[in-house]
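Any read-out appearing in this document is the output of simple, stated calculations on the displayed coordinates, not a laboratory observation. Note that the structure is predicted; figures quoted are calculated from it, not measured. Because the Cβ atoms are built from the backbone with ideal geometry, glycine has one as well, and the counts that use them run over all protein chains shown.
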């Protein structure tokens, strides 16, 4: 559990770093888009090799497929419910909807990190950790900038993202503790479930946002992120 907490703190520290940076600096949109695309590429590598492949090795095709699809479906349903809730509140920037929105994308990734600590060590876990860190940083940076532009104070942005960092660090611990001692089949489903949720978050949020802000050229950043994560895994 101690290692899970440590990994969670490292991964979530990017949220605090990004929030502080975004509270005082507005990055060029193409730069932020490229960072999101780069993180997306790294996450694709991590979920393919550190989550789904390990799931397949433990449970075979059927269990892996079931977990993957169920994970994707769970994220999509949760995201839709959150969108409807925020629309019902008038789309404002109150603390709870903001915290819920930024947490939803991060929970699958961070729980996946906790689960992967039971299965992989060394480069495998490091790849996922780096990918999550890289995705957290631009999300918090862009989120803090958006809060400032909507009239929120710098301190509000930093506090909200710091609170999110705590929640997501605990998600790593929860993912690790909840599946300790799990059998081969259950571990296979949980690993692929996490992979499916991460994949859905990429398709639903990170990659569309990157393309919207950066255009077609962000494809090169996505490829670079994929390559970096792959090289880390292979070292």
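A few notes on this one:
- Here the calculated FRET efficiency for residue 10 and residue 65, from their Cβ-Cβ distance with R0 = 30 Å, stands at 0.40, rounded to the nearest 0.05.
- Axis angle, to the nearest 10 degrees, between helix 154-178 and the longest C-alpha principal axis of the chain: 10 degrees.
- Measuring r between the beta carbons of residue 180 and residue 203 and using R0 = 41 Å, the FRET efficiency lands at 0.85.
- Ranked 87, 213, criterion: other C-beta atoms within 10 Å, fewest first: 87, 213
- Protection proxy ranking, highest mean first, for peptides 43-53, 5-15: 43-53, 5-15, where packing is the per-residue count of other beta-carbon atoms within 10 Å, averaged.
- GNM on the chain, alpha-carbon springs under 10 angstrom: the most fluctuating residue among 148, 29, 84 is 84.
- Using 0.36 nm per residue and subtracting the Cα-Cα separation, the extra length available between residue 25 and residue 1 on full extension is 5.0 nm.
- Sorting 66-78, 178-190 by their mean Cβ neighbour count within 10 Å, with the most densely packed peptide first, gives 66-78, 178-190.
- Virtual spin-label span in nm between residue 149 and residue 223, 7 Å along Cα→Cβ: 2.9 nm
- Relative exposure of 2, 129, 31, judged by other C-beta atoms within 10 Å (fewest first): 2, 31, 129
- Helix 123-149 and the longest principal axis of the C-alpha atoms of the chain enclose an angle of approximately 20°.
- Helical mean residue ellipticity (222 nm; -39500 (n - 2.57) per DSSP H run of 4+; nearest 500) of the chain: -29000 deg cm²/dmol
- Extension gain (nm, one decimal) between residue 77 and residue 212, 0.36 nm per residue minus Cα-Cα: 46.3 nm
- Gyration tensor (alpha-carbon) shape descriptor, the chain, a/c threshold 1.5: prolate
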